[in-house]
Amino acid sequence: MTYFSLGTAIVALATEVLVFLSLMEMPPFGKGGSDIILALPFLGLVVFALATLGFLTALSARRNPTHAGKLAAAGVLLNGLSLLIPTLMIVLAVGRLVISAGR
């Protein structure tokens, strides 16, 4: 189960990186790559589902003293990071909306 948490963290972070590269229209996507923005809600759900499952799995592996180790700690850290990034983006977007509505 520890490898599952690391796998989900890697897939979630890779998905986030690909989405950010697409939105910035950088290689390998290039011009017009930001068209993927239509799939953002789906990609967000995939990232949250993968990272949440991996985070819970890593936490349960960390609590069990026979399976606790560096891999479980890495799984907790990476899945926490992959959950933090989209959450931070949502908070910043809402903050920008609130500030722009106040003007």
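The values are calculated or read from the model by the stated rules, or taken from the named source; none is laboratory data. Computed from a predicted model, the values in this text were never measured in an experiment. Cβ coordinates were reconstructed from backbone atoms using ideal geometry, including for glycine residues, and neighbour counts include every protein chain displayed. We work out accessible area using only protein heavy atoms, side chains counted, and drop any ligands, DNA or RNA first. Shrake-Rupley method; radii C 1.70, N 1.55, O 1.52, S 1.80 Å.
Here are the numbers for this structure:
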quantity	calculated
Residues that are under 17 Å from the mean Cα position of the chain (by Cα) and open to solvent by 60 Å² or more (accessible area, probe 1.4 Å), drawn from segment 88-100	LEU88, MET89, ILE90, VAL91, LEU92
Any chance VAL47 is buried (at least 17 other Cβ atoms within 10 Å of the Cβ) and modelled with pLDDT under 80	no
Residue in segment 4-19 that is modelled with pLDDT of 85 or more, hydroxyl-bearing (Ser, Thr, Tyr) and in contact with a Leu (Cβ under 7 Å, 6 or more places away or on another chain) present	yes
Residue satisfying all of: in segment 1-26; within 10 Å of the chain's Cα centre (by Cα) and either of a type in the set (Val, Ile, Thr) or over 20 Å from THR57 (Cα atoms) (or both); surrounded by the most Cβ atoms within 10 Å (Cβ to Cβ) among these	THR8
In segment 55-82, the residues that are assigned to a helix (DSSP H, G or I), in contact (Cβ under 8 Å) with a residue 40 or more places away in the chain and open to solvent by less than 50 Å² (accessible area, probe 1.4 Å)	THR57, ALA58, ALA61, ALA72, ALA74, GLY75, VAL76, ASN79, SER82
